[in-house]
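Novice: Below is the structure I would like to discuss, written out as structure tokens.
The values are calculated or read from the model by the stated rules, or taken from the named source; none is laboratory data. What you are looking at is a predicted structure, and each value in this text was computed from that prediction instead of being measured. Quick reminder, even Gly has a Cβ in these numbers, built from the backbone with ideal geometry, and neighbours come from all protein chains shown. Just the protein is used for accessible areas: all its heavy atoms, side chains included, with ligands, DNA and RNA removed. Shrake-Rupley method; radii C 1.70, N 1.55, O 1.52, S 1.80 Å.
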Amino acid sequence: MDLKIAVLPGDGIGPEISEQGVAVMTAVCEKFGHNVTYEYALCGAAAIDAVGDPFPEDTYQKCMAADAVLFSSVGDPKFDNDPTAKVRPEQGLLAMRKKLGLFANIRPVETFECLIHQSPLKEELVRGADFICIRELTGGMYFGEKYQDDEKAYDTNAYTRPEIERILKVAFEYARRRRKHLTVVDKANVLASSRLWRQIAKEMAPQYPDVETDYMFVDNAAMRMIQDPRFFDVMVTENTFGDILTDEGSCITGSMGLLPSASTGEHTPVFEPIHGSWPQAKGLNIANPLAQILSVAMLFEYFDLKEEGAMIRKAVNASLDAHVRTPEIQVEGGAKYGTKEVGQWIVDYIKKA
Ligand code: IPM
Ligand code: MN
């Protein structure tokens, strides 16, 4: 298969983990006979510094021309600490989501047996937790009408029927391919937008008789995720709730540095780690490249290249078992490996496999 990949390393630890993601992708493509080419493009603070725009036209064009985008992370403290900054790196991320029509953000929450002791929750609660949060990504308060003056401000949580239908369709189909259990998360006891979500979900559910669909208020879902994470198989929710719940989900398994994500929709899909740009670690060769590397696995799986994805997952598990780990997950007394060394170990494993 020919694969044209737009690589957006971004800011902070982004370029370091991006390098390892690309190295692993190249190794897998060589092994399986795929022809991969890369186009690099700027985004985030790096793009603001270079051209004054966090998602420049050139980057947009490169994304549109690619089969997939391998994204790393954006964000820089020099913007966080300046409330007067007119442009912010995060706007690049939102522009990318909107312009590529990436309405479905898929964030898996998986446990790794060897890291379960790192979870802030009791091991017996977490062991075996395995669910997917599907977050609507281009609507709701993030993009609704906004107003702000010194006395009043508001954001509008607007959703239209087609926006709700298309994300629910993705969710029902995911549930169908998994354990056939979908939880629609909303705040229908208070919000009109949520009531429309719930109405439409109830209209659609009979088309998926094999899927058991339940409805849960977001506050309750936040609690249930901690009390009984194994309850969930697929959950679907609006943009803002999904932002909050996926951070919660990512720490359940004690391994934020290991969780990848995919964003799909109208144009080129984007694959990225769920963690941020961790500016304090920039250039120190300590960031965990596994979330980025697992994003490459999701990329292959998106194109139905299952063996390629499985090969990456196997290599990642082998590296963990061999204690080839970055400092934050290393076992006591174990040698410390850097970003590069972990990436290289996985590349070597794939070449030898
Ligand atoms: C995320 C992030 C972004 C979001 C920020 C950086 C704009 O928190 O991808 O979850 O809120 O969507
Ligand atoms: Mn977030």
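Novice: Pairs of alpha-carbon atoms within less than 8 angstrom and 6+ residues apart define the contacts here; what relative contact order does the range 15-85 have, in percent?
Specialist: 28
Novice: Enter the accessible area per residue of the chain (Å², integer; probe 1.4 Å; all protein chains in place).
Specialist: Value for the chain: 43 Å² per residue.
Novice: If I take every Cα pair under 8 Å that is 6 or more residues apart in the range 176-218, average their sequence separation and divide by the length, what percent do I get for the relative contact order? Don't jump to the answer; show the numbers that get you there.
Specialist: On the way: 49 pairs, mean separation 24.9, N = 43.
Taking the mean separation of contacting Cα pairs over the length of the range 176-218, I get 58 percent.
Novice: DSSP loop GluC sites (Glu not before Pro) in the range 257-342 with at most 16 other Cβ atoms within 10 Å of their Cβ, which ones?
Specialist: When the GluC sites (Glu not before Pro) of the range 257-342 are filtered for loop state and at most 16 Cβ neighbours within 10 Å, E266, E332 remain.
Novice: Let me ask you something else. Can you tell me which lysines have their Cα less than 29 Å from the Cα of K78? Leave out same-chain residues fewer than eight positions away.
Specialist: K62, K86, K98, K99, K146, K152, K282, K340
Novice: Which distance in Å, rounded to a whole number, links the C-alpha centroids of the range 180-224 and the range 95-139?
Specialist: 18
Novice: Let me know the charge dipole size of the range 1-146 about its Cα centre in debye, to the nearest 20, where only the beta-carbon of Lys, Arg (+1) and Asp, Glu (-1) is charged.
Specialist: Result for the range 1-146 is approximately 380 debye, rounded to the nearest 20.
Novice: A follow-up question, please. Could you pull out which residues in the range 191-216 have an amide N less than 13 Å from a spot 7 Å beyond the Cα of F231, following the Cα-Cβ vector?
Specialist: Zone members listed by number: 214-216.
Novice: Now, a different point. Using Cα pairs closer than 8 Å and at least 6 residues apart in sequence, work out the relative contact order for the chain, in percent.
Specialist: 23
Novice: With runs of 4+ DSSP H residues as the only contributors, calculate the mean residue ellipticity of the chain at 222 nm using -39,500 (n - 2.57) per run, divided by the residue total and rounded to the nearest 500.
Specialist: Calculated at 222 nm, the ellipticity per residue is -13000 deg cm²/dmol.
Novice: Can you tell which of V87, T213, T26 lies farthest toward the positive end of the dipole of the chain, using +1 and -1 charges on the Cβ of basic and acidic side chains (Lys, Arg; Asp, Glu)?
Specialist: T213
Novice: Tell me the label-point distance for the pair E266, Q61, using the 7 Å Cα-to-Cβ offset, in nm and rounded to one decimal.
Specialist: 2.1
Novice: Could you look at the chain and say what percent of its accessible area is carbon and sulfur, using a 1.4 Å probe and all protein chains?
Specialist: On the way: 8070 of 15280 Å².
The nonpolar share, carbon plus sulfur, comes to 53 percent.
Novice: Restricting attention to the range 32-94, which trypsin sites (Lys or Arg not before Pro) occupy a DSSP loop and are surrounded by at most 10 other Cβ atoms within 10 Å?
Specialist: K86
Novice: Counting Lys +1, Arg +1, Asp -1, Glu -1, what net charge surrounds I244 among other residues with beta carbon under 11 Å of its beta carbon?
Specialist: That works out to -4.
Novice: Looking at the range 97-193, which trypsin sites (Lys or Arg not before Pro) are DSSP coil and have at most 11 other C-beta atoms within 10 Å of their C-beta?
Specialist: Numbers: sites: R97, K98, K99, K122, R127, R135, K146, K152, R166, K169, R176, R177, R178, R179, K180, K187; in loops: K122, R127, K152, R178, R179, K180, K187.
Answer by residue number: K122, K152.
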